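Read through the structure below, which is laid out as structure tokens, and then see the notes.
The values are calculated or read from the model by the stated rules, or taken from the named source; none is laboratory data. These numbers come from a predicted model, not from an experiment. Because the Cβ atoms are built from the backbone with ideal geometry, glycine has one as well, and the counts that use them run over all protein chains shown. Quick note on the areas: whole protein, heavy atoms, side chains included, nothing else; ligands and nucleic acids left out. Shrake-Rupley method; radii C 1.70, N 1.55, O 1.52, S 1.80 Å.
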Amino acid sequence: MLNESARLDLAFQALADPTRRGMLARLSRGPASVSELARPYRISLPAVLQHLQHLEASGLVRSEKQGRVRTCRLEPKALSAAEQWIAEQRELWEGRLDRLEEFLEELKAKESENE
């Protein structure tokens, strides 16, 4: 469980950066080389590689090198773990809000009876 939590932490840290989210959006359309991923950004190639290192460390991206070209691919399973955590939190909070709404309705009904 701890390892899963650490991986989830890395995924959310990776998703916190707009450049990395942009790279993930590009990879959602299919594999891309590092130079293709770097093209839309006005940052150095070493900076792009640092962003990719974060994405790979989080498990969101996998890369392989053939010759001089490094190709990156999206790893949907890592994104699924983050999505599942968010869904669980949403369900938890929706349940709490539903109970709060019921409680407030009961209070309102009691106030109406006392008037």
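Key figures for this structure:
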{"item": "Residue tally, condition open to solvent by 50 Å² or more (accessible area, probe 1.4 Å) and touching a helix residue (DSSP H, G or I) at 6+ places or on another chain (Cβ under 8 Å), over the range 50-68", "result": "3"}
{"item": "Wholly within the range 1-75, helices (runs of 4 or more DSSP H) carrying at least 2 residues that are among the aromatic types (Phe, Trp, Tyr), in contact with a strand residue (DSSP E or B) (Cβ under 6 Å, 6 or more places away or on another chain) and on the phi < 0 side of the Ramachandran plot", "result": "none"}
{"item": "Residue 47 being modelled with pLDDT under 90 and open to solvent by less than 50 Å² (accessible area, probe 1.4 Å)", "result": "no"}
{"item": "Failed item, numbered, when residue 112 is tested on (1) open to solvent by 70 Å² or more (accessible area, probe 1.4 Å); (2) within 26 Å of the chain's Cα centre (by Cα); (3) of a type in the set (Ser, Thr, Tyr)", "result": "(2)"}
